1. On the basis of being part of a helix (DSSP H, G or I) and in contact with a Gly (Cβ under 9 Å, 6 or more places away or on another chain), does Gly119 make the cut?
2. Starting from residues that are closer than 15 Å to Ala127 by Cβ and at pLDDT below 75, keep the ones in segment 38-69 and report whichever is surrounded by the fewest Cβ atoms within 10 Å (Cβ to Cβ).
3. Would you confirm, using the coordinates I've provided, whether Ser137 is out of contact with any strand residue (DSSP E or B) (no Cβ under 7 Å at 6 or more places or on another chain), hydroxyl-bearing (Ser, Thr, Tyr) and assigned to a helix (DSSP H, G or I)?
4. Quickly run through segment 140-155 and pick out the residues that are assigned to a loop (DSSP other than H, G, I, E, B) and either surrounded by 13 or more Cβ atoms within 10 Å (Cβ to Cβ) or within 17 Å of the chain's Cα centre (by Cα) (or both).
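The values are calculated or read from the model by the stated rules, or taken from the named source; none is laboratory data. The model shown is predicted, which means the values in this text are computed figures rather than measured ones. So basically every Cβ, Gly included, is an ideal-geometry build from the backbone, and we count neighbours across all protein chains shown.
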Amino acid sequence: MVEWLKKPWPYWVGGILLGIFNVTLLAITGTVWHINTGFLTWGMEILDFIGIKVYDWRFFKIFNYTYNDIILNHNLFINKYTILNIGVITGSLIATLLSSQFKLKRLKDKKQTILALVGGIIMGYGARLTSGCNIGSFFGGIPSFSLHAWVYWIFVVLGAVVGTKILSKLI
């Protein structure tokens, strides 16, 4: 395999590529890069399938969401949010495989599993509360100088510092 694919790329190269991808996405689709709305969409579709009508919930009425706005044509797999999520997941896997960093490992113990699950739930909940995740805020909000994105960025950095300190003590 080509040697430059096996070595880590400098951060600035990744930043430039992500910026190019974001501008291309905006030019082609007219939408910015965002992820957690896709997960919301998946959850809504699953709950709707089992008979729970989440589009009647107060959360969606407050933010003026309608069910058809979130699930375009009422199809879980053919909408912009799902396509963006699959693209991010696939791109991450390809980058990991190309850098020879992909490894399947067993989790150390139940404590590590519980911490990972709790951390993921907290991150997802926080992303929904802020109506955006790191991708949406950084690629949509910061380039447009939106105040919410800059405040989000400050708290992401603070949360990462605090989370790293807590994690280093627990593991």
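1. Against the criterion (part of a helix (DSSP H, G or I) and in contact with a Gly (Cβ under 9 Å, 6 or more places away or on another chain)), Gly119 qualifies.
2. Phe63
3. yes
4. Correct list: Ile142, Pro143, Ser146.
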